[in-house]
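Nothing in this text is a laboratory measurement; each read-out follows from the coordinates by a stated rule. On a predicted model such as this, the values are computed, not experimentally measured, just so you know. Cβ: placed from backbone, ideal geometry, glycine included. Neighbour counts: every protein chain shown.
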Amino acid sequence: MDINQYLDMFIEESKEHLQFMNEHLLSLEKNPEDKDLINEIFRIAHTLKGMSGTMGFVKISNLTHEMENLLDAIRSNEIEICSEIVDLLFSCFDMLDMYINNIINTGQEGEQDSSKLIQQLNSMLNKGKNSFSSENLIINNSNNGVKKYKFDEHVAKAIIEAKSKGLNVYSLLIKLSENCILKSARAFIVFNTLEAYSDIIHSYPSAEDIEDEKFNYEFVLTLITKKTKDEVKKDMLNISEIVDVKIEDVVIENTDSLEKIELDNTNTDANIDDINEAQDTNDIHPVSNLNKEEAANEKKKASNVIGKTVRVDIDRLDNLMNLVSELIIIKTRLEDGGYIERNNLNEAIEYLERITTSLHDAVMKVRMVPIERVFNRFPRMVRDLAKELGKEVELEMSGEETEVDRTIIDEIGDPLVHLIRNSLDHGIESPEVRVSRGKLPVGKIKLKAYPDGNNVVIELEDDGSGIDIEKVKRKAVEKGILTQAEASELSDNEAIELLFRPGFSTADSVSDVSGRGVGLDVVKSKIESINGIVEVETSHYKGSKFSIRLPLTLAIIQALLINIKEETYAIPLSSIKEIATIHNSEIRKIQNQEVVLFRNNTLPIIRLNRILGVMDSDENEENTLVVVKKGEKEAGLIVDKLIGQQEIVIKSLGKYLQGIPYLAGATILGNGQISLILDVNSLF
């Protein structure tokens, strides 16, 4: 069985389960007595263990198994929940999250070792109850003197637990007929039959080897069941081409002399005698018994990087299917051109236009995902960072259901992380300082998202100390960015813009959280790379608000087509404020910058042809002016001619043309020509 085909599904479901685990752990910290939360976290750990075991991800399976043991003891009232246990469970969550991210990027769990966490989980478990020590156990069969082989500690614990609940633990030696042609198919029937009423906790050879027919005509299974030996044996012998089944009890004896848990199996033939050398399993799930080299080789066969996926509501797909059906109908009508009169043809084209518009909207909705996918990581981050900084902070989130394009979701996570860390470190004061300023000791950070026309706005607001404008100017002078005279002439907004410069920081010392001057620079460059803008409002001692405005989608946009000489360019409509005409006599020069008095404000002029390397046109008395905006800033672009508004599909320029200034991409027009799309943000 090729498990790689299920990898995307495993990743998507694992991420969902981890999200719920994170939320429940945060709730558990506030309500430690809530047993329902413990049960939910236990169920999530159990589900992850089963999924990862099936996929052969041993580390995830082992860690979640140990989490299960501790959570089971808590819900059975054998251990009392405490902050130490919650912190440990959060650490386990972090490790699981790291493993899943490694699988997304490489197809493998990675080299991170969770043995310390497992040791801590066991230690916590042992504090609360007298448990078996795996180093003082030997597991024997009823037949002594048979060659031993090493058994995993987790398998031993599963056996101990099963015995304590009065369940039967059997070791089965299954022998197939030497005339059996499809050995793996016969073994699959054995697994299927047994798994209907028992748990198979170990197999030799490994399940993968059995599936690949890398065994002679016999294999050994260890299982936990309520059934008797006779019932199990009867079921096995009912399967054709099985010639013999030997079943023995697995018996536990205490011993102080062994450091490993070992198992004496039933009488076996020569090929089973070498188990000691061959077997070294790390998991209780049969499909997980591939050794590390085989696992690595299997993963290499799969693609190393997992593709991006979107979960789609079935109603949206039904709507998409209906529109495609309509498209096929109208295509058939248009093909039957001989029978269409002129009026009917116009009607058919209008109908086609309506369908393509609806189809575009439907496809956009399919690409849309709730912004909750980004927001859900922040409560945990705020909790940890507030603890680290010794501050009390409350995070309020709203608008998580707001939908944005799938590609945008991947890009906005890092900028928001930087902004939240910035608010916690620079914005929110310590409880003592807040009280001295007449505020509540607990700081508030509000994170909200909402749609605004063809944009999505994300606002991050805190009630902290705000941005100290004078300190920003002082730092700019210290770093040699500005002279003292220039700094004194800066407006508040211009001073705030300095914060977005690479390497600029107002922190007096470098810490783990901030001070290196990379945060807001990353925010600006990342947001502008997806055609978004960042705006800042601040009030000293009252707080700050960062607003991020993003396009709903990066795939299809409304644009204004313009001419510069013979070339056609597209300007995104979302960046355009208005269009006007100005006379040459109205243009003035201030410090080598052309400006015009427009609506009683000074508007900088940008001659697009000079920026784009196109020769100047013959000077006309009148110029067409396209007024574009970036946040609060405005500029006037002088163009030769306006063509009109059009919906365009953005195409990448490709890796060889990446990084060309002033261009955001290209599109193919209806006449087959290529039009370059201007990046308005970079023009300012």
Please give the FRET efficiency for Ala485 paired with Glu594, using the beta carbon to beta carbon distance and R0 = 25 Å, rounded to the nearest 0.05. 0.50
Residue list for segment 78-94, given a label point 7 angstrom along the Cα-to-Cβ vector of Glu33 and an amide N cut-off under 16 Å: 80-83
Put in order of increasing Cβ neighbours within 10 Å, starting from the fewest, Met21, Met124, Met397 give Met397, Met124, Met21
Computed lengthening from Glu80 to Asn101, 0.36 nm per intervening residue step minus Cα-Cα distance: 4.4 nm
Between Leu327 and Lys641, take the C-beta separation as r, use R0 = 41 Å, and let me know the FRET efficiency to the nearest 0.05. 0.75
Ranked by Cβ crowding within 10 angstrom, fewest neighbours first, how are His418, His360, His202 ordered? His360, His418, His202
So if I take the centroid of the Cα atoms in segment 428-478 and the same for segment 170-194, what is the distance between those two points in Å? 66 Å
Take Val522 and Thr47, extend 7 Å from each Cα along the Cα→Cβ direction, and tell me the distance between the two endpoints in nm. 3.1 nm
Segment Met364-Asn493, extension gain: residue separation times 0.36 nm, minus the distance between their alpha carbons: 42.9 nm
Candidate cut points under trypsin sites (Lys or Arg not before Pro) in segment 152-197, DSSP loop plus at most 14 other Cβ atoms within 10 Å of their own Cβ, are Lys165
Take every Cα pair under 8 Å in segment 371-551 that's 6+ residues apart, average their separations, divide by the length, and report that relative contact order as a whole percent. 24 percent
What distance in nm separates the two pseudo spin-label positions at Asp244 and Leu663, each 7 Å out from Cα along the beta-carbon direction? 7.6 nm
Stretch gain in nm, segment Leu352-Glu632, where the contour uses 0.36 nm per residue and the Cα spacing is subtracted: 96.8 nm
Trypsin sites (Lys or Arg not before Pro), restricted to segment 530-623: which are DSSP loop and have at most 15 other Cβ atoms within 10 Å? Lys542, Lys565, Arg599
Order of Cys92, Cys180, Cys82 - criterion: other Cβ atoms within 10 Å of each residue's Cβ, fewest first: Cys82, Cys180, Cys92
